[in-house]
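Contents: one structure, followed by commentary.
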Amino acid sequence: MRYDVVIIGAGFAGLTVANHVALAGLRPLVLETGTGEFYPCNSRVSTGAIHLAFRSPDEPASELFESILSGTDGSAREDIAWALAANAKSTIDWMRQEGCEFMQHPRRSWGMPMMMPGREMRAGLDWENSGPNLFLGTLTEKLRQRGGELRLGTRVIELQMEHGSVSGVITEDGQELQTTAVVIADGGFQADRDLIGQYITRAPNKLRQRNTETGRGDGLRMAIRVGADTVSLDKFYGHVLSREAMTEENLWPYPQLDIVCAKGIVVTPDGCRFADEGFGGIYLTNEIAALADPLSATAVFDRTVWEDARETDIVPPNPSLTENGGTLLEAASLNELAQISGIDPDGLAATVSGYNDLVRSGNSSALLPARTTQMYPAYPIEHSPFFAIPLCAGITVTSGGLAVDKNAQVLDKNGVPIAGLYAAGSAVGGLEGGPRAGYVGGLMKAFGIGRIAGRAIAESLA
């Protein structure tokens, strides 16, 4: 059988590509490994918050572009970064045209749109009546109305090549499907422990999978086998969670503990800090994952930070953590806190003393490691009672992926486009990562690059 375009993955990225191709009068086929009406994918269970590098998509393209470069410390690929920034507003407009409604995010004051209806902002998964789940259904139905096809329960295992161009795919059950273009949109490789162990952490089983565990890196592997280049495979988007989230289902994906980590300190059992808490939760999650033992980190903070945690973050950890059975260790002194937390008391005392001295003097950048204050102010740890929370790193989706050009066409190791091969969504690298684990926004990568790829394919095949 021959199709104009074969798209691997039926999340937002894949369905966005498919709908744009179908709107151009072409025949797309979407292949999805999952089964059932509510096949699992990260798109379905997302919160629906739309941002580009933590800025509103309605802001000027030049400012969005600079935010991407700044967040990745200049490591982002400028061509795809500019393409995404320049199309941000039109992406939101297209979503509205397709029937997606938006509300103001209830805990973000700077104009972050959120797909309606919003989730209840409570611990655990909550997706059935959410905007993302409903819009996924809308895009599926529109695809069928436009003559496209979605085939569930079909896993692609190989790309076919002919004279240097992609010519088809081979499925796990042996089907050979011919096509002019293939789009890899099957998400990141966060659920594949071998790839995670190769690129991100020495202990992949000690990370909490904060996702639907459907991103297994199939598309990445297939593309690499035909010569594709990759970018920044060493970072991921995720959040700091209670260590008990490793086994307790109601402690993930929320509450996340980013805010108490960013306003307190994070230490290993020797009582020493190992990262700059001021860079925030995504960076800290990557640093925790990079430890020899990712289950050895503990957040330490005082009453001021814990009280502040009642009002901050998407699902405030106070009181959500304890209400859902998570451990919050409390003590009247740091010495007692260290003993009940399994932290060396002398090491913690020395760390807190040095930390408090430099924070009070306004010289926290002199700490080792430094403590920056541009994103999160540094506060002395001085108001009893003192608290500690054992931590783990929750991985949502990998940040790196396939190298693409401004049209989302996959590049080989010489920077030359591989004819007929495209990527969209979290399969794409070059927009996130860098020293501080910059994050551009999973939904903007899905919808934005999905539109870029779909329109480029439609134009090339018209």
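The values are calculated or read from the model by the stated rules, or taken from the named source; none is laboratory data. Given the structure is predicted, the values throughout are model-derived calculations rather than measurements. Here the Cβ positions follow ideal geometry from the backbone for every residue, glycine too, while neighbour counts run over all protein chains shown. When the accessible area is computed, the model is the full protein with side chains, heavy atoms only, and any ligands, DNA or RNA have been set aside. Shrake-Rupley method; radii C 1.70, N 1.55, O 1.52, S 1.80 Å.
Tabulated data for the structure shown
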| quantity | calculated |
| --- | --- |
| Residues satisfying the stated conditions in segment 437-462, i.e. closer than 18 Å to Ser56 by Cα and either in a strand (DSSP E or B) or of a type in the set (S, T, N, Q) (or both) | Gly438 |
| Those residues of segment 220-261 which are open to solvent by 10 Å² or more (accessible area, probe 1.4 Å), small (Gly, Ala, Ser) and modelled with pLDDT of 95 or more, in sequence order | Gly227 |
| Those residues of segment 119-136 which are outside any loop (DSSP other than H, G, I, E, B) and either among the charged types (D, E, K, R) or open to solvent by 40 Å² or more (accessible area, probe 1.4 Å) (or both), in sequence order | Leu134 |
| Residues being at pLDDT below 95, farther than 16 Å from Gly281 by Cβ and not acidic (Asp, Glu) - total across segment 303-313 | 1 |
| Residue check for Val315: out of contact with any helix residue (DSSP H, G or I) (no Cβ under 8 Å at 6 or more places or on another chain), of a type in the set (A, V, I, L, M) and within 25 Å of His105 (Cβ to Cβ) | yes |
| Criterion (hydrophobic (A, V, I, L, M, F, W, C) and touching a Pro at 6+ places or on another chain (Cβ under 7 Å)) met by exactly one of Ala349, Ala378, Ala393 | Ala393 |
| Residue that is least open to solvent (accessible area, probe 1.4 Å), among those in segment 33-84 that are of a type in the set (A, V, I, L, M) and free of Cβ contacts under 8 Å to residues at least 60 places away in the same chain | Leu64 |
| Hey, Leu421 in a loop (DSSP other than H, G, I, E, B), open to solvent by less than 10 Å² (accessible area, probe 1.4 Å) and in contact (Cβ under 8 Å) with a residue 12 or more places away in the chain or not | no |
| Boolean, Ile395 is assigned to a strand (DSSP E or B), touching a helix residue (DSSP H, G or I) at 6+ places or on another chain (Cβ under 9 Å) and either closer than 12 Å to Gly264 by Cα or free of Cβ contacts under 8 Å to residues at least 40 places away in the same chain (or both) | no |
| Those residues of segment 101-117 which are open to solvent by 10 Å² or more (accessible area, probe 1.4 Å), in contact with a strand residue (DSSP E or B) (Cβ under 6 Å, 6 or more places away or on another chain) and not aliphatic (A, V, I, L, M), in sequence order | Phe102, Pro113 |
| Residue match in segment 85-99 (condition: open to solvent by less than 70 Å² (accessible area, probe 1.4 Å), without any contact (Cβ under 8 Å) to a residue 24 or more places away in the chain, over 21 Å from Gln409 (Cβ atoms) and of a type in the set (A, V, I, L, M, F, W, C)) | no |
| Whichever residue in segment 424-436 is part of a loop (DSSP other than H, G, I, E, B) and not aliphatic (A, V, I, L, M) and, among such residues, is most open to solvent (accessible area, probe 1.4 Å) | Pro435 |
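The rows are residues; the columns are (1) modelled with pLDDT of 95 or more; (2) surrounded by 23 or more Cβ atoms within 10 Å (Cβ to Cβ); (3) closer than 21 Å to Leu337 by Cβ.
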{"residue": "Gly271", "(1), (2), (3)": "yes, no, yes"}
{"residue": "Phe274", "(1), (2), (3)": "yes, no, yes"}
{"residue": "Gly280", "(1), (2), (3)": "yes, no, no"}
{"residue": "Ile288", "(1), (2), (3)": "yes, yes, yes"}
{"residue": "Leu295", "(1), (2), (3)": "yes, no, yes"}
{"residue": "Thr298", "(1), (2), (3)": "yes, yes, yes"}
{"residue": "Phe301", "(1), (2), (3)": "yes, yes, yes"}
